[in-house]
Amino acid sequence: MTSHITYVCLSAVDPLLFSECLSQDRKVRALPLSGHVGLDALPDQLVNKSLGQGFCFNLLCVGETGIGKSTLMNTLFSTDFENLESPHFEPRGKLRARTYGLRENGVQLKLTIVSTIGFGDQMNQQDSYQPIVDYVDAQFESFLQEELKIKRSLHNYHDSRVHVCLYFIAPSGHSLKSLDLVTMKKLDRKVNVIPVIAKSDTISRAELHSFKMKIMSELVSSGVQIYQFPTDDETVAGINGVMNGHLPFAVVGSTEAINVGNKLVRGRQYPWGVVQVENGSHCDFVKLREMLISVNMNDLREQTHARHYELYRRCRLQEMGFRDTEPNRKPASLHQTYTARRQEYLREFHGVEEEMKQMFVQKVKRTEAELKDAEEELQFRFERMKRLHQQEKKRLEEKRRILEEDMNSFNKMRAAVELLQAPSFSTAGKKDKDHKK
């Protein structure tokens, strides 16, 4: 057995490397440093590189038309995205993706917002979730195909995998719709789902608290696993633990600036007062923005890659015939797996080819038999029509003969009559002349 010994400097021990070494049953020996090496500059290098490359974040908004998805996005990122009105009469739900470049204090963010159009507007809502699931899978498949290329370019590849799904719940105050439960259940293994109660200023505070409790109860009873803010990092464990208890967030979106106490605030003006978007006692918008962007954006990206994409990747590679170990627990060889899979495909191909040949031969024979039957039928009809034609010809010739005989008889009779009448005419003429004289 080969012995692996890993030397790790005390001042540069990486917890992830340490746990990886232990998991691989390696011996780790910590060594002290006698002077400055420069390992402490590595984080600065990573920060500078990340600032130069920028970040990408892909956000999926799922909710019925008119629930406030676009308004909340404008409020969340303090800008005005292009908002196209969506009709309520879409025959089938679809998605619209728009990518924008944002910059704040030298940090570049390539933001992609994917919004549902016509979701839940149909009479038959049985498969309303399918376009959303297909879109998420399509982004995973696109990234997987890029990974499997011989010449990859992941450093400048636009990662379009969905990092978080904001699921907008209508503020009914009663319970979740069956479509909401089914859709979130279909998505929870593919994307980080964060439910939000849209337009929460339309129900009272007591109704809102009861509604939140009922939503969480229904999600748990239905087995829907929504995204939980991580508590394993000590720096954010406290705030994330508290915020997990506020889910689902009750939000209000507005880009309108209203003067309240000689101060411009974003909110919604009502006859009885102003609902301030960034006032924690009015709604959970600030909590959502802080959790989504300031605290957990990187964790959402990591969860997408390490959990959801890895699950999709594992299932797809298993479908392709790849595996980690052989039945005898030995590491699987990629070449052997490829060769075996190729031979299997060739056998299937030859089987299908032979089957298609047999089907073609049978179809040709069947077509030839049909053509032969049709030819015989046409020949029979031709012979029958030929006989009928000959019979009709004979009948017409017989009629013609009889007609000619009748005409000859008639002509003979007429000639005889003319001969008989000719002497009487000459005698009558002479008598007339004698009488005149």
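The values are calculated or read from the model by the stated rules, or taken from the named source; none is laboratory data. Note that the coordinates shown come from a computational prediction; the quantities given were computed from them, not determined experimentally. For neighbour counting, all protein chains shown are included, and Cβ atoms are generated from backbone atoms with ideal geometry for every residue, glycine included. Heavy atoms of the whole protein, side chains included, go into the accessibility calculation; ligands, DNA and RNA do not. Shrake-Rupley method; radii C 1.70, N 1.55, O 1.52, S 1.80 Å.
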Task: From the options 321, 261, residue that is closer than 30 Å to residue 342 by Cα, out of contact with any Leu (no Cβ under 9 Å at 6 or more places or on another chain), outside any helix (DSSP H, G or I) and at pLDDT below 95 - done: 321
Task: the range 266-318 - residue that is among the polar types (S, T, N, Q) and outside any strand (DSSP E or B) and, of those, surrounded by the fewest Cβ atoms within 10 Å (Cβ to Cβ) - done: 281
Task: Check on residue 123, within 22 Å of residue 94 (Cβ to Cβ) and either of a type in the set (Val, Ile, Thr) or part of a loop (DSSP other than H, G, I, E, B) (or both) - done: yes
- [ ] Pick out the one residue from 113, 117, 67, 132 that is closer than 26 Å to residue 253 by Cα and out of contact with any Ser or Thr (no Cβ under 9 Å at 6 or more places or on another chain).
- [x] 67
Open item on the list: Conditions first: (1) crowded, with 16+ Cβ neighbours inside 10 Å; (2) in a strand (DSSP E or B); (3) aliphatic (A, V, I, L, M). Residue 136 passes all but one, so which condition is the exception?
Closed with: (2)
- [ ] Mind counting the residues in the range 218-271 that are hydrophobic (A, V, I, L, M, F, W, C) and under 14 Å from residue 291 (Cα atoms)?
- [x] 10
Open item on the list: Going residue by residue through the range 241-254, is there one that turns out to be outside any loop (DSSP other than H, G, I, E, B) and within 19 Å of residue 171 (Cβ to Cβ)?
Closed with: yes
Open item on the list: Looking only at the range 164-191, filter to residues that are part of a helix (DSSP H, G or I) and aliphatic (A, V, I, L, M); which one of those is surrounded by the fewest Cβ atoms within 10 Å (Cβ to Cβ)?
Closed with: 179
Open item on the list: Within the range 192-235, take every residue that is of a type in the set (Val, Ile, Thr) and part of a loop (DSSP other than H, G, I, E, B) and give me the one that is surrounded by the fewest Cβ atoms within 10 Å (Cβ to Cβ).
Closed with: 231
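Check 357, 363 and return the single one that is under 30 Å from residue 320 (Cβ atoms), open to solvent by 100 Å² or more (accessible area, probe 1.4 Å) and modelled with pLDDT of 90 or more.
357
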